[in-house]
Structure formats: structure tokens, C-alpha cells
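All remarks here apply to the structure that follows.
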Amino acid sequence: MDQRFRLGFDIGGTFTDFVLLDPEDGSIHIHKCLTTYPDPSVGSLAGTRELLAGSGLTMANLATTVHGTTLVTNAIIERRGARLALLTTEGFRDILAMGKEQRYDVYDLFLAFPEPLVGRRWRREIRERMDAEGNVLTPLDPEQVRSVVAELVAEGVESLAVCFLHAYKNPAHERLVKELVRREFPGLSVSISSEVVPEIREYERTVTCAANAYVQPLVDSYLGRLEGALDSDGYAGRFYLMQSSGGTASPAMAREFPVRLLESGPAGGALVAAFYGQLINRESLLSFDMGGTTAKACLIQNGKPDVAPFLEAGRVHRFKRGSGLPIKAPVIDLIEIGAGGGSIARIDELGLLKVGPESAASQPGPACYGLGGTEPSVTDANLVLGYLNPGYFLGGRMSLDAEAAREAIGRVARPLGLSVTEAAWGIYQIVSENMAAAARVHIVEKGQDPRRFDMVAFGGAGPAHACQVARILGQSEVIAPLAAGALSALGFLVAPISFDFAVSNPMTLDHMNWDSLNAVFADMEERGRAMLVEAGVSPDEVVITRTADMRLVGQVHEISVPLPGGNLGPGHLPELQQAFRTEYVRLYSSLPENIAVQALSWRVVAAGPKPQIRLKTGVQAPGVSPLKGHRPAYFPGLGYVETPVYERYALAPATAIDGPAIFEERESTCIVGPGDQATVDRYLNLVIRINRGGGVNA
């Protein structure tokens with residue numbers, strides 16, 4: 001049996017994307033299907049079978065499968081997790097309700113925050129206490145814990161979060177609780193904060209531990225069903241899950257720390273943008289991933305996506321920072337925008353045309369899908385403008401209803417006194433402006449100029465809007481890879497298996513406890529190596545990376561600073577000080593003098609080798625004519641123009657085509673406007689040179 005193929009599949013809000021890679025010749029096979037609700041695994045398994053059958057393969061031919069899922073995110077948003085209880089130190093029962101007492105919108109008089117994942121009825125106080133140095137002030141009483149947990153189990157609690165004061169400094173009491181629960185209440189899931197997130201700041205630590213426990217039974221059940229279905233189909237390869245940090249995890253790691261899967265899907269998009277950057281020798285890129293529900297943008301700097309130490313989940317206002325639950329887990333730092341193919345257009349209270357953030361998703365979908373949706377969407381507008389082929393959506397597996405799209409767009413056109421075409425163009429322009437504005441803020445907040453970055457565009461709707469967004473941002477080039485419509489799933493296949501560890505142990509650089517620090521690093525590295533070896537990584541292939549969260553004494557926020565390996569001592573102090581100075585000046589231009597530097601948390605990433613992937617070069621559809629024909633497409637200032645339509649898979653390297661032009665592939669369509677020029681490179685990417693004075697915005 002030829003067991004060499006690798007599969008990545010990404011369950012999104014509207015579509016589930018699949019990429020099948022043959023590592024022998026570098027060829028990829030793409031598939032896309034509508035996401036199934038309420039159980040997305042049904043559609044993902046059906047789509048996998050369809051893709052394999054179409055390629056003449058079976059499950060037995062797969063060596064590796066990597067899966068990204070929205071299961072954890074949706075469970076927190078929709079509050080579909082386990083019945084959860086929290087054990088906390090006596091006197092700290094209400095920390096989840098008090099939060100940080102910071103307003104994310106100072107002008108909103110009716111400000112709302114997300115409800116805690118644990119209701120007050122299920123939050124129980126335990127007599128125990130550690131001081132800030134980890135010394136025991138009040139010993140834990142196991143009998144009280146046993147009595148409280150027995151009462152909770154009798155009331156139907158399914159999962160338990162344990163978060164004691166200063167447990168990041170001394171986890172002894174939390175570990176005793178976990179051992180007791182595992183021994184005497186084996187049916188109860190349990191998460192302890194000293195394992196999930198052993199970091200300072202009680203509110204964030206408690207929220208993160210609670211979120212992990214909240215989704216733990218759900219993820220365990222989901223993975224059990226998925227693994228069982230794969231096994232019954234004859235799958236015998238390795239199965240991994242994508243983490244929000246950009247690394248993959250074994251099912252055992254995912255079951256223990258499911259909160260690390262919160263942004264697993266979007267992480268793949270940023271990774272694949274960095275991968276293509278390496279192929280074409282570009283280290284500074286903007287990853288632009290526009291799907292059916294949202295768009296995501298991420299900066300690629302020095303060939304790698306930025307990683308942040310926390311994210312927000314279950315926001316009251318989905319796109320307002322600060323309105324969600326703060327989760328302390330490493331995540332690729334991207335911005336999510338309420339703009340996708342399913343984004344709904346409407347007229348607001350002032351009589352203005354607005355687009356998103358509400359989405360028709362896959363059910364009922366845009367009006368043109370013919371699945372019951374009637375609201376005008378971005379996809380309907382693109383169809384009216386001639387950018388989409390109604391008979392070739394998803395490669396012809398799904399037909400679009402052009403008349404239904406026109407009727408839906410007419411619902412916003414008529415009250416505004418516009419023609420259907422004018423309203424459709426307005427929707428296209430507004431959603432592009434929205435995405436460009438959000439991306440610009442994201443880039444500028446990082447101290448960068450968007451004009452310094454070229455764009456890598458993918459996602460089902462990304463290439464249709466990329467040139468317009470790039471033009472608004474002042475960018476010069478857009479790279480649209482082959483099979484862009486499902487490319488985020490390829491990002492799963494370029495990610496190494498890895499796990500992130502962190503421990504808070506505050507020290508000023510002038511008064512370092514080197515023995516304590518080396519012990520912390522040794523413990524994290526030992527655990528990291530053990531987890532990766534258990535997941536199938538050879539011990540000599542494990543790579544350890546160290547960083548520290550540092551700040552000037554008195555500051556509220558920290559920055560991530562790279563650290564050297566090995567045992568550290570006084571001789572390394574100048575190196576640590578210089579590393580902090582370099583990163584601080586890079587971010588903020590100057591560093592105040594004569595202020596002590598404090599390191600708050602110490603971090604380790606244990607990673608396996610990065611999978612080596614080469615992509616096939618040359619025409620993917622030899623013998624097929626690149627020019628499919630012409631169809632009318634709308635460009636402002638020109639009206640509807642008979643525009644050449646090209647078969648994306650039949651284009652040879654070094655082909656150059658002037659806009660306007662339409663490039664079709666099964667999973668997406670790329671629009672190149674008047675004045676722009678597209679060239680096919682050796683990897684079959686469309687490299688589009690933007691004419692800032694022309695294009696669809698002329």
C-alpha cells in the first residue's frame with residue numbers, strides 16, 4: 001500500500017477546505033464543500049472521501065492528516081460547552097465577574113461584557129492560600145475538596161476548573177486536587193491553571209483555565225468520533241490538530257489543552273503566506289485571507305507571522321477589542337474583519353449602504369446559492385458584476401442563480417435610487433474599503449507602513465477583492481497562489497508539531513535568581529521534549545526556542561524578547577539587556593534611560609522539524625487552452641466590458657496578461673482590473689502588478 005499522501009482540512013464558517021499533497025512530485029489536489037451544521041465532522045469526512053475518490057485513493061493511502069476546526073471557538077460563542085464548576089481560593093469566588101474593571105468603549109453608556117463561563121452557583125471557595133512567593137499560608141484540606149466535588153458531581157457538573165491564588169508560583173495545591181479528582185471522580189474532566197496557563201494575572205489565568213475545562217469534554221467526544229470514523233474507513237496514518245500558535249498538536253495534547261485550538265483555522269492562512277514568501281524570496285508580506293464569513297489579515301515579518309501571547313473569545317461585539325473573554329494562549333497575531341462572501345448588505349438608520357459584519361454563512365447562504373437565503377450579499381454583488389461564473393462555482397459542482405442575486409441586490413438598490421449594477425458596485429467597493437481600513441490599522445499599530453508589504457491573497461473570495469484592497473493600501477503587488485480558494489489548509493501541512501510553555505517568575509535584570517531561572521527552563525524543556533516524543537518526534541529532532549516577556553518597571557504591558565539557550569548566568573546579563581533594548585527600540589523608536597528592566601514570564605517553544613514541502617512547477621492542465629472565452633464584467637468608468645476569462649490551471653510560467661482579465665479556478669476567481677498586469681511565476685502564482693492610478697477603482 002502506497003501510504004505517502006498528506007491531507008489538510010480546514011472547517012470554516014461557510015466552507016470546509018481540503019488540500020491533498022503528494023510529497024513525491026509536489027502536486028496538490030484541492031476540494032471544497034459546504035460546512036455542515038450542527039456537526040461539521042459529517043461534512044469534513046464526506047469531503048475527504050470525495051477528494052480521495054476523485055484522486056483514485058483511499059484513507060489507507062494517507063500518511064498524515066492535519067485538521068483545523070472552529071469547534072472550540074463556536075462552543076464558547078454559543079455556550080455549548082460542559083456544565084462547568086470552578087474551585088478557587090477562599091475569598092476569590094467572584095473574580096470572573098469582576099474582571100479587570102476596564103471599559104473597552106468609554107462612550108457606551110450601556111456597555112456589556114460576556115457572561116462568565118461559570119455561573120456563581122457553580123463557583124466554590126476552598127480553604128487554602130499561597131503567598132506571592134509560593135509559600136504555604138493555609139494548607140489545603142483534602143476532605144473539604146472531596147466533599148465539595150462530590151456535591152458538584154451530584155448536581156450534574158461535567159467538568160472542573162481549579163484556579164488557586166499564586167498557583168503559577170507553587171502548583172502543589174492544584175496538583176493535589178487533580179490527583180484526588182482523577183482518583184475518586186474518574187468521570188469528571190479537570191483542568192488546573194498551573195498546567196493550562198501558569199502565568200501571573202488572576203483574572204486572565206482563571207478565564208483561560210475555565211475555558212479549557214469548558215470545552216474539554218466536547219473536544220474529547222468530537223475527537224473520539226472523528227478518530228473512530230477515520231479508523232473505520234481504513235485510516236492508519238498520524239492525525240494532528242492545528243493550534244492557534246501555528247504549530248500542530250497530537251490528539252492527546254489537544255484533549256489536555258483544547259483551549260489552544262481556538263484560532264486553529266486562521267493560523268493556517270498566515271503559515272501558508274509565509275511559506276509562499278519563502279518560495280519567492282519575500283520576507284515582508286501581508287497575508288489576506290477572505291472566506292465566506294470573515295476576512296483575516298496578518299503581517300509576515302522576517303519570513304514569519306507575528307505571534308501574540310493572548311486572544312479574545314466570545315466577544316459581545318465580535319469586532320471590538322476588549323469585549324470578549326481574554327484567553328492566555330499563544331496565537332498567530334492577525335486581525336479578523338467582518339467581511340466575507342456571505343457578508344450581508346443593508347441600509348442603516350441614516351439611509352447609508354452598509355456591508356457586514358452579519359453573514360449569510362452556508363445556511364441559508366447568499367441569495368444566489370438557492371438554499372433559502374434572500375438577503376443581498378457580497379457574493380451576489382460579485383455575480384451581478386460579472387466577476388463570478390454562475391456555471392463554474394466550486395468547479396461546476398454548484399450553480400449560482402444570477403436572477404436571485406439581481407433580485408436581492410435590488411432590495412437595497414431601489415430605496416437608494418440606484419441601479420442594480422450601481423448597488424452591486426457599491427457593495428464591492430464598501431467591503432473592500434472596510435477590509436483595507438482594518439488592515440491599515442493593524443499594520444500601523446505594529447509601527448509599519450502598509451506600502452512596504454506586498455500581499456498574498458487567498459480564500460474563496462480573497463483573489464476577487466485583493467487588487468482593490470491592495471490599491472487602497474498603496475501596495476505594489478499581489479501574489480495569488482494556485483488553488484488560492486482552499487489554500488489555508490495547505491498551511492496545516494507546512495506547520496511543525498510544537499507546544500508552547502510559559503511560567504511567570506518575575507525578576508528584574510539587575511537582581512536575577514539564575515538558579516531558579518535555569519530550573520524553570522529545564523522543567524519546561526523536559527516536558528516539551530517528552531510531549532513531542534510521545535507524538536512521534538525523534539528526540540534529536542526537537543528544537544527549543546526561548547523568549548521572555550519583559551517591560552520597564554512600572555509599565556503595564558510586556559514585549560517578547562528572544563533568549564539564548566543553555567544554562568544562563570551573570571555573564572549573560574549584557575546579552576539579555578541588549579536583546580530587550582533592540583526589541584524595544586524596534587517597536588517604540590527609543591528607550592528611556594536609567595529605568596530597571598523586569599522580566600515577568602519565561603517561555604519555551606518545543607518544536608519538531610518543519611515538514612519539507614516542494615510544489616510542482618509547470619502547467620497543471622497541459623493541452624488545455626488558457627483562454628476559456630469572454631464575458632461582460634463591470635469596471636467603473638468603463639461599464640460592462642467583454643473581459644477575457646482564463647483557465648487558471650492551464651497558464652504556463654512566464655505568461656503575462658494585461659487587465660482587465662478574469663482568472664478562474666475551481667475554488668476561487670481572481671479579478672485583475674484595467675491597468676494592472678498579471679504574470680505567472682515558476683510556482684504558478686499570479687503576480688499582479690498594481691497600477692495605482694487604474695484598476696477596478698478607476
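Quick rundown of the values:
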{"read-out": "Förster-model FRET efficiency, 45 Å R0, Arg225 and Val624, C-beta, rounded to 0.05", "value": "0.65"}
{"read-out": "Charge dipole (debye, nearest 20) of the chain; +1 at Cβ of Lys and Arg, -1 at Cβ of Asp and Glu", "value": "640"}
{"read-out": "Simple spin-label estimate for Ala308 and Lys100 in nanometres, 7 Å along Cα-Cβ", "value": "1.1"}
{"read-out": "Inter-probe distance in nm under a simple model that places probes 7 Å from Cα toward Cβ, at Tyr588 and Glu143", "value": "5.3"}
{"read-out": "Cβ-based exposure ranking for Glu128, Glu593, Glu336, in which fewest neighbours within 10 Å come first", "value": "Glu593, Glu336, Glu128"}
{"read-out": "Order of Ser41, Ser399, Ser377 under a 10 Å beta carbon neighbour criterion, fewest first", "value": "Ser399, Ser41, Ser377"}
{"read-out": "Pairwise centroid distance, computed over Cα atoms, of the range 364-387 with the range 401-459, Å", "value": "14"}
{"read-out": "Simple spin-label estimate for Thr679 and Glu179 in nanometres, 7 Å along Cα-Cβ", "value": "6.7"}
{"read-out": "Mean-position separation - Cα centroids, the range 112-191 and the range 281-322, in angstrom", "value": "35"}
{"read-out": "Over the range 98-238, equivalent-ellipsoid semi-axes from the Cα gyration tensor in Å", "value": "29, 24, 16"}
{"read-out": "Ellipticity estimate at 222 nm from DSSP helix runs (n ≥ 4, -39,500 (n - 2.57)) divided over the chain, nearest 500", "value": "-9500 deg cm²/dmol"}
{"read-out": "Rounded if a/c under 1.5, otherwise prolate or oblate - the range 554-698, Cα gyration tensor axes", "value": "prolate"}
{"read-out": "Rel. contact order, % - alpha carbon contacts under 8 angstrom, at least six apart, the chain", "value": "12"}
{"read-out": "For the chain, share of DSSP beta bridges that run antiparallel, in % to the nearest 5", "value": "70"}
{"read-out": "Potential lengthening between Ser560 and Leu416 on full extension [0.36 nm per residue; Cα-Cα distance subtracted]", "value": "46.8 nm"}
{"read-out": "Out-of-range pairs (alpha-carbon distance over 19 Å; input Lys32/Lys610; Lys304/Lys328; Lys296/Lys446; Lys296/Lys328)", "value": "Lys32/Lys610; Lys304/Lys328; Lys296/Lys328"}
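Where a number appears in this text, it was derived from the coordinates with a stated rule and is not lab data. Being a predicted model, the structure only gives us computed values, none of them experimental. So basically every Cβ, Gly included, is an ideal-geometry build from the backbone, and we count neighbours across all protein chains shown.
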